[in-house]
Amino acid sequence: MPVYDYKCDGCGHRFEEIHAMDATPISVCPACGASKARKLLTTGGLIGAHSGKSSSPPPMPSCSGGGCGGGMCGLG
Ligand SMILES: [Zn+2]
């Protein structure tokens with residue numbers, strides 16, 4: 001399960017929680033007990049995700065929308 005970084009807006013305490021992606025985010029700060037904990041964006045676990053070149057797929061000819069009027073685009 002992924003690790004999430006949290007920070008409390010009340011006392012500034014930062015902590016980590018491990019829970020499922022679809023679990024309810026923690027809102028109560030374990031340090032001060034205030035419901036001001038916010039989940040932070042984290043890049044943990046994404047190491048190497050952006051390495052290498054990103055190639056976009058070639059543009060697909062679109063003739064299925066009816067915009068070509070039936071055969072006018074030459075693809076049908
Ligand atoms: Zn706190």
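The values are calculated or read from the model by the stated rules, or taken from the named source; none is laboratory data. The model shown is predicted, which means the values in this text are computed figures rather than measured ones. Neighbour counts are summed over all protein chains in view; Cβ atoms, including those assigned to glycine, are modelled from backbone coordinates with ideal geometry. These area figures cover heavy atoms from the full protein model, side chains too; ligands, DNA and RNA do not enter into them. Shrake-Rupley method; radii C 1.70, N 1.55, O 1.52, S 1.80 Å.
Among residues belonging to the stretch 14-27 that are open to solvent by 70 Å² or more (accessible area, probe 1.4 Å) and over 17 Å from the mean Cα position of the chain (by Cα), point out the one that is farthest from the ligand (Cβ to nearest atom). Can you show your working first?
Step one: filter the stretch 14-27 for residues open to solvent by 70 Å² or more (accessible area, probe 1.4 Å), giving 14, 16, 18, 21-22, 24.
Narrowing the set further to residues that are over 17 Å from the mean Cα position of the chain (by Cα) leaves 14, 16.
Details: Arg14: 10, Glu16: 14 Å.
Across the stretch 14-27, the extreme among qualifying residues is Glu16.
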Check your understanding: Regarding Gly44, is this residue away from the ligand (no atom under 11 Å from the Cβ), modelled with pLDDT under 60, assigned to a loop (DSSP other than H, G, I, E, B) and surrounded by 10 or more Cβ atoms within 10 Å (Cβ to Cβ)?
Key -> yes
